[in-house]
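First comes the structure, then the notes that go with it.
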Amino acid sequence: MSDAELTTPFRQRAGSAMKDEFLQEALTIATTKFIGLRREAFAGFPEGEALRDRARAIKEATLQHLDRHLETLIANVERLGGHVHFATTPAEARSIVVDIARRTGARMAVKAKSMATEEIHLNEALEAAGVTPVETDLGEYIIQLAHERPSHIIAPAIHKTKGQVAELFTRELKRPAEPDPEALTRIARAELREKFLQADLGITGANFAVADTGTVVLVTNEGNGRMVTSLPRVHVAVMGVEKVVPSFTDLMVFLAILAKSATGQKLSVYTSLVQGPRRAGELEGPEEFHLVLLDGGRIAQIGGPLREALSCLRCGACLNVCPVYRQIGGHAYGYTYPGPIGILLTAMLEGAPAVRDLAHASSLCGACVDACPVRIDIPRMLIELRREVDDEKLAPWTERVAFALLTKLLQNPRLYRFAAKAGRVLQRPFARDGRISRLPLPFGEWTRTRDLPPVASRTFQERWASDKDLRA
Amino acid sequence: MTARRASLMVTCLGDLFFPEVGVSIVRLLRKLGVAVDVPADQTCCGLPLFNSGYRGDAAAVARRTVALFKESEYVVVPSGSCAWMVKHEYPGLMADTAVGPEARELAARTHELSQFLVRVLGATEFTAAVPGRVTYHDSCHLLRGLHESESPRMLLGKLRGAELVPLPGADECCGFGGSFAVRLPEVSSQILAKKLANVESTGAGCLVACDAGCLMQMNGGLKRAKSRVRALHLAELLDGGR
Ligand code: SF4
């Protein structure tokens with residue numbers, strides 16, 4: 001999203017999203033489907049719960065010694081003939097990739113789906129350098145055609161109905177397209193086939209990187225990842241530093257739960273293991289392989305309040321079950337990573353002030369924790385972020401005064417009783433038939449769509465104090 | 001039966017807006033042979049402050065509550081969210097203070113109402129105050145915080161005069177979320193609308209929940225829509241056959 005769009009307050013962005021009928025239709029269908037598929041996948045998988053705990057433990061242990069595991073990874077990638085680069089900031093990561101493109105004379109880059117390259121806004125940088133990026137994942141291809149950004153971690157075009165995609169294809173590709181997913185996929189395949197052959201550069205993310213063996217692991221469903229990593233002369237993989245896992249044994253644990261959480265599949269259709277460039281005698285693979293390790297605020301959180309978020313596998317399950325995400329979709333959040341985990345990642349990458357409002361975009365219902373394969377306690381960290389926002393006095397002064405008053409009132413029972421009496425007097429003009437239908441702001445935010453019960457004529461504690469029958 | 005006496009933590013919403021719930025709990029427990037006391041000067045468990053990030057203020061309020069219930073053998077709470085606050089957050093909030101051990105003890109002695117009835121008292125036979133078809137909404141903190149989905153369903157399933165029907169999406173949030181309901185009222189209301197559409201689809205005349213927050217939200221929506229469905233606290237429904 002552009003900065004101009006970000007200046008619209010979050011509440012308004014969410015409001016417009018809820019008025020978008022296409023978005024509402026697409027979101028309801030897709031998230032409901034994902035929820036059901038995930039539930040079924042785990043229902044038939046009794047060992048799943050223990051594997052989830054195991055996966056989390058591996059992530060925690062890896063974070064303990066992240067430097068050591070990264071060193072091992074780097075040594076092994078280099079041993080296999082690959083090059084490793086370290087980027088502290090998104091800008092550094094961009095220039096590393098652009099330099100590789102320049103040096104190798106690349107004119108076109110095919111890309112597999114990758115949130116890390118979205119995070120660093122790589123496509124814009126490539127275009128500016130005269131390299132045409134082509135997204136080859138179907139969802140990413142759709143949003144690239146539409147000049148949009150992904151609205152879901154694993155289903156980037158989740159906000160579009162199939163009718164909208166058909167219209168987009170008809171308009172942009174100048175071929176009549178029917179709103180039928182299979183037909184649309186065929187069209188995209190045909191368009192992309194030549195690009196794979198033309199491209200000099202293949203760019204991917206990485207779901208995991210195995211330190212022990214120097215293997216970059218890509219989990220995909222369309223097979224495009226395999227083409228991107230094998231056909232072009234040069235392959236660049238960009239990954240957050242936290243994606244390293246120590247060994248293949250560890251990798252198996254994650255693979256056993258990742259696809260189930262994401263799409264309800266036992267395994268994704270393709271699990272590509274990439275090990276350095278083509279070696280002598282091999283028929284396939286790039287001449288050059290580069291791994292870009294991205295920090296971008298992650299390393300600081302190893303000892304920070306958002307540490308747990310570094311265990312995220314980017315499966316998207318927490319988005320699908322989030323009641324807020326399900327109403328507003330991904331774009332309204334305004335940053336690369338949407339949904340509940342997205343709020344934490346945005347705070348990690350952009351700093352806490354960026355999520356002043358987003359930190360409150362949650363009812364703290366906890367559905368995300370239950371769905372998360374590694375049980376990340378997202379609500380706890382959202383509360384932590386709210387606290388940071390309060391501590392830094394970033395919240396509006398009216399709110400801070402209101403909460404200071406509330407604290408006083410809740411600590412002093414006489415004040416509390418007085419407030420109950422005052423409430424009864426003040427509500428008189430508004431209460432009718434035991435309900436309040438309209439109140440001035442800020443309570444008006446409640447009564448616009450809901451009635452409010454009035455303060456009882458006698459509170460329970462008042463009754464208890466005066467009714468002998470009740471006490472007897 | 002193990003409990004002879006219990007203290008009612010009525011909670012701020014219960015005290016101010018739903019006093020009948022407290023009255024029903026007192027009557028229910030008394031019928032079961034449990035004497036009820038209500039320690040004076042209760043205000044709130046501090047959850048609204050805690051959830052909004054005012055941790056220090058929440059701890060100050062929590063310390064009061066710990067002192068109020070110091071002598072209580074059992075503490076019964078009508079709302080899953082407040083019970084969760086006491087059981088799960090109090091010990092951490094006061095961990096490094098002099099009252100840390102007391103907070104931990106209070107956490108162990110505190111029970112949400114349906115859990116107290118079923119798991120402590122073993123009481124499951126009641127008569128419906130409002131006969132007919134009922135459906136049950138899982139409050140988030142009770143379900144995912146206290147991992148309780150069975151006790152309320154067992155009570156409603158055995159309830160004389162009532163027929164329990166399943167609610168589609170029963171485990172989905174009602175959109176309350178404390179200050180969330182007024183910070184993002186549009187989102188909160190749309191979540192609520194979906195919940196209530198599911199409620200209407202069951203044909204139940206009565207929607208039961210174990211949390212004053214959810215009841216405020218769902219009843220607010222039902223009344224605004226002039227629905228014939230009433231949202232009731234579990235205690236009110238169990239309190240029949242007097
Ligand atoms: S936080 Fe958990 S559920 Fe959400 S994307 Fe990450 S791994 Fe998946």
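The values are calculated or read from the model by the stated rules, or taken from the named source; none is laboratory data. Note that the structure is predicted; figures quoted are calculated from it, not measured. Methodologically, a virtual Cβ is constructed for each residue, glycine included, from the backbone with ideal geometry; neighbour enumeration extends over all protein chains shown. Surface areas here come from the heavy atoms of the whole protein model, side chains and all, with no ligands, DNA or RNA. Shrake-Rupley method; radii C 1.70, N 1.55, O 1.52, S 1.80 Å.
Below is a table of values for the structure above.
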{"item": "Qualifying helices (runs of 4 or more DSSP H) (wholly inside segment A:2-46; at least 3 residues being assigned by TED's automatic domain parsing to the domain that holds A:E124, closer than 21 Å to A:R149 by Cα and open to solvent by less than 30 Å² (accessible area, probe 1.4 Å))", "result": "A:10-19, A:21-43"}
{"item": "Qualifying residue in segment A:171-183 (condition: hydrophobic (A, V, I, L, M, F, W, C), buried (at least 18 other Cβ atoms within 10 Å of the Cβ) and in contact (Cβ under 8 Å) with a residue 24 or more places away in the chain)", "result": "no"}
{"item": "Among (1) open to solvent by less than 60 Å² (accessible area, probe 1.4 Å); (2) facing chain B (nearest Cβ under 10 Å), the one test that A:D433 misses", "result": "(1)"}
{"item": "Number of the condition not met by A:Q275 [criteria: (1) among the polar types (S, T, N, Q); (2) within 15 Å of the ligand (Cβ to nearest atom); (3) open to solvent by 10 Å² or more (accessible area, probe 1.4 Å)]", "result": "(2)"}
{"item": "Any chance A:A422 is in a helix (DSSP H, G or I), more than 9 Å from chain B (Cβ to nearest Cβ) and open to solvent by 50 Å² or more (accessible area, probe 1.4 Å)", "result": "no"}
{"item": "Residues (within 16 Å of the ligand (Cβ to nearest atom) and more than 12 Å from A:I29 (Cβ to Cβ)) located in segment A:149-170", "result": "A:P150, A:S151, A:H152, A:I153, A:I154, A:P156"}
{"item": "Restricting segment A:438-449 to residues that are open to solvent by less than 60 Å² (accessible area, probe 1.4 Å) and more than 7 Å from chain B (Cβ to nearest Cβ), the residue that is farthest from the chain's Cα centre (by Cα)", "result": "A:L439"}
{"item": "Some residue of segment B:197-216 being within 14 Å of chain A (Cβ to nearest Cβ) and among the hydroxyl-bearing types (S, T, Y)", "result": "no"}
{"item": "Neighbours by Cβ (under 8 Å, 6+ apart or cross-chain): first from segment A:410-426, under 14 Å from B:L13 (Cβ atoms); second at pLDDT 95 or above and aromatic (F, W, Y)", "result": "A:L410/A:Y416"}
{"item": "Count - residues of segment A:316-336 that are open to solvent by 10 Å² or more (accessible area, probe 1.4 Å) and more than 21 Å from B:F176 (Cα to Cα)", "result": "3"}
{"item": "Members of segment A:298-313 that are within 16 Å of the ligand (Cβ to nearest atom) and either surrounded by 19 or more Cβ atoms within 10 Å (Cβ to Cβ) or not in a loop (DSSP other than H, G, I, E, B) (or both)", "result": "A:R298, A:Q301, A:L306, A:R307, A:E308, A:A309, A:L310, A:S311, A:C312, A:L313"}
{"item": "In segment B:26-45, the residues that are at positive phi and at the interface with chain A (Cβ under 7 Å from one of its Cβ atoms)", "result": "B:D41"}
{"item": "Helices (runs of 4 or more DSSP H) contained entirely in segment A:167-271, each with at least 1 residues that are within 25 Å of A:L345 (Cβ to Cβ) and small (G, A, S)", "result": "A:224-230, A:248-262"}
{"item": "Options A:V234, A:V216; residue that is touching a strand residue (DSSP E or B) at 6+ places or on another chain (Cβ under 8 Å), within 21 Å of A:V269 (Cα to Cα), surrounded by 18 or more Cβ atoms within 10 Å (Cβ to Cβ) and modelled with pLDDT of 95 or more", "result": "A:V216"}
{"item": "Meets criteria (more than 15 Å from the ligand (Cβ to nearest atom), more than 16 Å from A:I35 (Cα to Cα), more than 8 Å from chain B (Cβ to nearest Cβ) and part of a helix (DSSP H, G or I)) for A:A332", "result": "yes"}
{"item": "Residues being of a type in the set (S, T, N, Q) and more than 9 Å from chain B (Cβ to nearest Cβ) - total across segment A:373-412", "result": "1"}
{"item": "Check on A:V234, in contact with a helix residue (DSSP H, G or I) (Cβ under 7 Å, 6 or more places away or on another chain), more than 16 Å from the ligand (Cβ to nearest atom) and assigned by TED's automatic domain parsing to the domain that holds A:T8", "result": "yes"}
{"item": "Members of segment A:226-240 found to be of a type outside the set (S, T, Y) and touching a Gly at 6+ places or on another chain (Cβ under 9 Å), listed by number", "result": "A:M227, A:V228, A:L231, A:P232, A:R233, A:V234, A:H235, A:V236, A:A237, A:V238, A:M239, A:G240"}
{"item": "Odd one out for B:P185 among (1) open to solvent by 60 Å² or more (accessible area, probe 1.4 Å); (2) more than 20 Å from B:S81 (Cα to Cα); (3) at the interface with chain A (Cβ under 8 Å from one of its Cβ atoms)", "result": "(1)"}
{"item": "Matching entry among A:D370, A:D357 (being closer than 27 Å to A:T220 by Cβ and within 12 Å of another protein chain (Cβ to nearest Cβ))", "result": "A:D370"}
{"item": "Residue among A:D295, A:D357, A:D377 that is of a type outside the set (A, V, I, L, M), in contact (Cβ under 8 Å) with a residue 60 or more places away in the chain, assigned by TED's automatic domain parsing to the domain that holds A:I100 and open to solvent by 10 Å² or more (accessible area, probe 1.4 Å)", "result": "A:D295"}
{"item": "Search result, residues across segment A:314-329 that are near the ligand (Cβ under 10 Å from one of its atoms) and part of a loop (DSSP other than H, G, I, E, B)", "result": "A:R314, A:C315, A:G316, A:C322"}
{"item": "Residues of segment B:9-25 classified as crowded, with 24+ Cβ neighbours inside 10 Å, in contact with a strand residue (DSSP E or B) (Cβ under 9 Å, 6 or more places away or on another chain) and either assigned to a loop (DSSP other than H, G, I, E, B) or at the interface with chain A (Cβ under 9 Å from one of its Cβ atoms) (or both), total", "result": "7"}
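Listed here are the residues, each with its yes/no results for (1) out of contact with any Ser or Thr (no Cβ under 6 Å at 6 or more places or on another chain); (2) open to solvent by 20 Å² or more (accessible area, probe 1.4 Å).
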site: B:E150; (1), (2): yes, yes
site: B:R153; (1), (2): yes, yes
site: B:D171; (1), (2): yes, yes
site: B:C174; (1), (2): yes, no
site: B:A204; (1), (2): no, no
site: B:R224; (1), (2): yes, yes
site: B:R230; (1), (2): yes, yes
site: B:H233; (1), (2): yes, no
site: B:G241; (1), (2): no, yes
